[in-house]
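Data first, discussion second: the structure below is written as structure tokens.
What follows draws every value from the coordinates through simple rules; no lab data is involved. Remember, predicted model here, so these are calculated numbers, not experimental data. Glycine gets a Cβ as well: all are built from the backbone with ideal geometry, and neighbour counts include every protein chain shown.
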Amino acid sequence: MELGRALFLTGAFATHAFVGYALVAGLTDADPRIGLVFGLLPDADFLFPADWAWPFVHRGITHTPLFALAVVAGGYAVGRQQTSTIGRRVALAIGLALGSHLAIDSLSPKGIDVLFPLRTSWSPGLPVHSPTATVFLWTASIALLVWDTDEQRSI
Ligand SMILES: [Zn+2]
């Protein structure tokens, strides 16, 4: 892999993980590491072997609302084994983190299959991983973390 591509992917991975972390830390009572992991989870599809066919490709099944719903339901089921409150908390955290990843990628030129299993990858074609968009996403995430810290201090 060429250096430019490796740097681009590293930046994109870090951005998805950080946005997920900030959303979970700022908007829920769940462990923010859930946001880190599930904000990045859809890009585990980079690990699919190159000779696999759609939907087991990058921006395939792991980048669909149906996949996100299944993972949220799984998170709820696991968390609910402790209490239903924890189940809801975990489901919300996973939903925010996975949802942020899908929302960001859906705006990119490649888009995502929003209506999976139908193949529909319309997108507005925004450069969501450009330097400008990356700065915007990190700034918004940091602002959310600062707001959350101020909010907790004033309680
Ligand atoms: Zn992705």
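Tabulated data
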quantity: Choice from 14, 70, 30 showing the highest fluctuation, given a GNM over the chain with Cα pairs closer than 10 Å; calculated: 70
quantity: Estimated translational D of region 1-98 in µm²/s (Stokes, Kirkwood radius over Cα pairs; 4 °C; 1.567 mPa s); calculated: 92
quantity: Computed helical MRE - 222 nm, the chain, DSSP H runs ≥ 4 contributing -39500 (n - 2.57), nearest 500; calculated: -21000 deg cm²/dmol
quantity: Prolate/oblate/rounded call for region 81-155, Cα gyration tensor, a/c under 1.5 rounded; calculated: oblate
quantity: Candidates per chymotrypsin sites (Phe, Trp or Tyr not before Pro) in region 12-47, loop by DSSP, up to 16 other Cβ within 10 Å; calculated: none
